[in-house]
Amino acid sequence: MNVAVLGGGVTGLTAAWKLTGAGHSVRLLEAGPRLGGAVRTDLVDGWLVEGGPNSFRESRPAIGAVMEELGLGGERIESSPAAGKRYIAWGGLLAPLPLSPRELLSTSFLPRRAKWRILREIARGPRARTEDISLGDLMRDHFGSDVVERAVQPFVSGIYAGDPERLSARHAFPWAWEAERTSGSLVRAAAADARRRRGPGGFRSAIVSFRRGLQALPAALAAKLAAGAVVLNADVRSIGPGSGARWRVCWGDPGGGREGEFDCVVSALPALSLARLEIGPGGSCPLSGLGAIEHPPVASVFVGFRRDQVQHPLDGFGALVPAAEKRSILGIVFTSSLFPGRAPADHVALTVLAGGALQPGIAGLPRDELVERVCSDLRFLLGAHGRPAFVRHTEWPRAIPQYNLGYGRHLEAMAECEARHPGLLIGGNVRDGISLPDCILSGVSLAKRVS
Ligand SMILES: Cc1cc2nc3c(=O)[nH]c(=O)nc-3n(C[C@H](O)[C@H](O)[C@H](O)COP(=O)(O)OP(=O)(O)OC[C@H]3O[C@@H](n4cnc5c(N)ncnc54)[C@H](O)[C@@H]3O)c2cc1C
């Protein structure tokens, strides 16, 4: 078949690669001048900067298999064992996040009443909710307000840059929704998962990247496509009827509009582009409702210091900063501890995220003001003194789609649009999950559905 893949992020590239492997003729149409979408790696003067995602959790065996198939096994690196700790800011100090029952009981980060709530939660029986509920409400029901304020909210900021009071438990955290239904207790369900992973045939999930950064993934995917398959600067605006049962896809580029006919169209577009896409004979935009999906702005600030400028040992993955701390930042990744070699000798690299659903205004601050605020928080939390040796700032005006309460109606709209328009398939982070592994599996599944 002759297939058009719309969008050259990780989802679209994975779909295009798998479709090419299955013998289809593929044209990948990407609006921008480069491939990779949210993945952006730069190597500048010995600093390896990730402007978008920093790493991903290889949580399913299928993801490892994709890396091997792509020939990325030798490039793949796992996070350093020295980066095992996770910190959380509370009361102006960084406390290690308790990672075992013993640490939980002894931590000073949670009050005694919260520990008591966690212990009591173990006795909960299964509960099948019919109505969706916010993640904040679900977690409060299980563990109480202290845990939501001190752990759930910053954790959600670290993943979605979102607000737990708005995110849907069912759609944004399907694990918790399902665990409540089947096990009742989230603590018991997590312990059972951990036992299964350690047991025979279990799978050890790892946090991974590549030696030369995450851009190695889109680069490896693009290298598997046929020569001439990729069209850059191709902003797809409409997909209408072509000859017979085929689709006519129209895209604009700086030199004027172009079009092509395809047996099948695979969309890996972000929500706003899907909302504006004219689909079908009438030229209407049946997915216009997707324009309402919230995408809070996020700023990613990569900051390098000489090692002796930072007092903190940086012996962990990073630190999350709860909103209650009233600082400017959401969290810090200890980039050069996580993957050594990402800063010049005797230097350290930190990646700071700011903005998100709870502080959207901060992401759009002028660069100098933002960097000033970031450095002030780094001074306060990590004892980072003096002017940074290196700064790189990436602004994401629409970072990550929020699977908020009511997201089911967007999923229904996409399913209905597919049903009404045979030969049109929709995937990507608007539908199949927001993490890189979710997007890889979305691309694999889109290609399977074509075949
Ligand atoms: C700042 C940030 C940090 C993140 N951190 C992590 C992390 O650490 N770990 C993790 O697992 N995930 C992380 N994510 C999430 C993850 O990176 C994304 O969800 C994922 O990369 C999305 O891939 P995608 O291909 O579905 O969409 P995108 O990457 O958004 O790609 C869509 C592509 O479609 C193109 N396009 C748009 N409109 C059109 C059009 N009309 N015609 C043609 N092309 C079009 C765009 O230019 C883009 O290239 C992060 C995301 C952001 C923004």
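Read the figures in this text as sums done on the coordinates, not as results from a lab. This is a predicted model, so every value here is computed, not measured. FYI the Cβ positions are ideal-geometry reconstructions off the backbone, even for glycines, and counts take in every protein chain you see.
Within a straight-line Cα-Cα reach of under 18 Å, Lys85 can be paired with the following aspartates and glutamates, leaving aside sequence neighbours fewer than 8 residues apart in one chain: Glu103, Asp315. At full extension, Asp137 and Glu69 could sit 20.3 nm farther apart than now, given 0.36 nm per residue minus the alpha carbon distance.
Between the residues Leu110, Ala191, Val147, the greatest Cα displacement towards the positive end of the dipole of the range 99-198, with unit charges on the Cβ of Lys, Arg, Asp and Glu, is found for Ala191. Projected onto their three principal axes, the Cα atoms of the range 99-198 cover extents of 35, 28, 25 Å, largest first. Each residue of the range 102-114 is assigned a 3J(HN,Hα), and the resulting list reads 5, 5, 4, 5, 9, 5, 9, 6, 10, x, 4, 5, 6 Hz, derived from the Karplus form 6.51 cos²θ - 1.76 cosθ + 1.60 (θ = phi - 60°), x at Gly and Pro.
A simple rule links phi to the HN-Hα coupling: the Karplus curve 6.51 cos²θ - 1.76 cosθ + 1.60 with θ = phi - 60°, which for the range 46-57 gives x, 9, 9, 9, 9, x, x, x, 9, 6, 8, 8 Hz, with x for Gly and Pro. Summing charges over all other residues whose Cβ lies under 9 Å from the Cβ of Leu186, with Lys and Arg as +1 and Asp and Glu as -1, gives 0. At what distance in angstrom do the alpha carbon centres of the range 199-221 and the range 369-424 lie from each other? Cα centroid of the range 199-221 versus Cα centroid of the range 369-424: 21 Å apart.
Dipole magnitude for the chain: computed about the Cα centre from +1 point charges on Lys and Arg Cβ and -1 point charges on Asp and Glu Cβ, it is near 1160 debye. Taken about its Cα centre, the range 99-198 carries a charge dipole of about 600 debye when Lys and Arg each add +1 at the Cβ and Asp and Glu each add -1 at the Cβ.
The H on the amide N of Gln215, modeled in the peptide plane, is under 5 Å from the matching H of Thr41, each at least 5 residues off or on a different chain.
How much of the DSSP bridge set in the chain is antiparallel, in percent, rounded to the nearest 5?
Roughly 70 percent of the beta bridges in the chain run antiparallel, per DSSP.
How charged is the neighbourhood of Leu217? Take every other residue with its Cβ under 11 Å from the Cβ of Leu217, and add Lys/Arg as +1 and Asp/Glu as -1. Please list the in-between numbers first.
On the way: positive: Arg76, Arg212; negative: Glu75.
Combined, the nearby Lys, Arg, Asp and Glu give +1.
Close amide H partners of His347, meaning residues 5 or more places away or on another chain with modelled amide H under 5 Å apart, are Arg307. Counting only residues at least eight positions apart within a chain, or on another chain, the lysines with an alpha carbon under 19 Å from that of Lys224 are Lys18, Lys448.
Were the residues from Arg198 through Asp346 laid out at 0.36 nm apart, the gain over their Cα-Cα distance would be 49.6 nm.
Go through Leu269, Ala343, Gly280 and say which Cα lies farthest out towards the positive end of the charge dipole of the chain; charges sit on Cβ, +1 for Lys and Arg, -1 for Asp and Glu. It is Ala343.
Under the 0.36 nm per residue contour assumption, what length would be gained going from the current alpha-carbon distance of Asn2 and Trp175 to full extension? Numbers along the way, then the final one.
Numbers: separation 173, 0.36 × 173 = 62.28 nm, distance 3.71 nm.
Between Asn2 and Trp175, full extension yields 58.6 nm more.
Karplus-based coupling profile of the range 417-427, in residue order and whole Hz: 4, 4, 5, 6, 10, x, x, 10, 10, 10, x, with θ = phi - 60° in 6.51 cos²θ - 1.76 cosθ + 1.60 and x standing for Gly or Pro.
Charge tally around Leu28: other residues with Cβ under 13 Å, Lys/Arg +1 each, Asp/Glu -1 each, net +3. State the Cα centre-to-centre distance between the range 280-357 and the range 121-195 in whole Å. So the separation of the two Cα centres works out to 23 Å. Summarising the amide proton neighbourhood of Val230: residues at separation of 5 or more, or on other chains, whose placed amide H is nearer than 5 Å comprise Leu28.
For the chain, what does the helix formula give at 222 nm: sum of -39500 (n - 2.57) over DSSP H segments with n ≥ 4, over the residue count, nearest 500 deg cm²/dmol? List each step's numbers first, then the result.
On the way: 16 runs with 146 residues, N = 451.
Calculated at 222 nm, the ellipticity per residue is -9000 deg cm²/dmol.
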